[in-house]
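Undergrad: One structure is given below, represented as structure tokens, and several questions about it will come after.
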Amino acid sequence: MRIEAGSGQAGISVQECRRPARTPIFMVAGITSTAEWQALRRHVDEIRGVHLRDLLAADPHRGERLALQMADCYVDYSRNLVTDTTL
């Protein structure tokens, strides 16, 4: 199938626009069998049901501790469901 990009211009095939299929990172090199992955899974089970509202209320300095500046990029992890253990 071809999609024409205006009169007089060459068409672009839909297939050319698709990204190649990639293997998900968790399937590469048996990552799910590592001790680190298993620890992360246990941690997920531990914080399941924790609400971000509770994490924010329990730590008034969360916004300062879990944010960083890299050149022109400001990254704020404080509004994500993560803990110090997660990171």
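Taken together, the values in this text are just the output of simple stated rules run on the coordinates, not laboratory data. Everything numeric in this text was worked out from a predicted model, so none of it was measured. Neighbour counts are summed over all protein chains in view; Cβ atoms, including those assigned to glycine, are modelled from backbone coordinates with ideal geometry.
Undergrad: What full-extension length gain, to one decimal in nm, is calculated for THR32 and THR85 as 0.36 nm per residue of separation minus the Cα-Cα distance?
TA: 17.2 nm
Undergrad: Taking amide H atoms as placed 1.01 Å from N in the peptide plane, list the residues 5 or more away in sequence, or in a different chain, whose amide H sits under 5 Å from that of ALA67.
TA: For ALA67, whose amide H was placed from the backbone, the distant partners under 5 Å are TYR77.
Undergrad: Now for a different question. Hey, got the dipole for the stretch 26-79? About the Cα centre, +1 on K and R Cβ, -1 on D and E Cβ, debye to the nearest 20?
TA: 160
Undergrad: Shifting gears a bit: For the stretch 34-42, just list the computed ³J(HN,Hα) in residue order, Karplus coefficients 6.51, -1.76 and 1.60, θ = phi - 60°, integers in Hz, with x standing in for Gly and Pro.
TA: Taking θ as phi minus 60°, the curve returns 6, 4, 5, 5, 5, 5, 5, 5, 4 Hz for the stretch 34-42.
Undergrad: Treat each spin label as a single point 7 Å out from the Cα along the C-beta direction, and report the LEU68 to LEU56 distance in nm.
TA: Distance between label points: 2.3 nm.
Undergrad: Can you give the log10 of the normalised intensity I(q)/I(0) at q = 0.13, 0.21, 0.23, 0.27 Å⁻¹, computed with Debye over equal Cα scatterers of the stretch 26-79?
TA: Taken in order of the listed q values, log10 I(q)/I(0) reads -0.54, -0.89, -0.90, -0.95.
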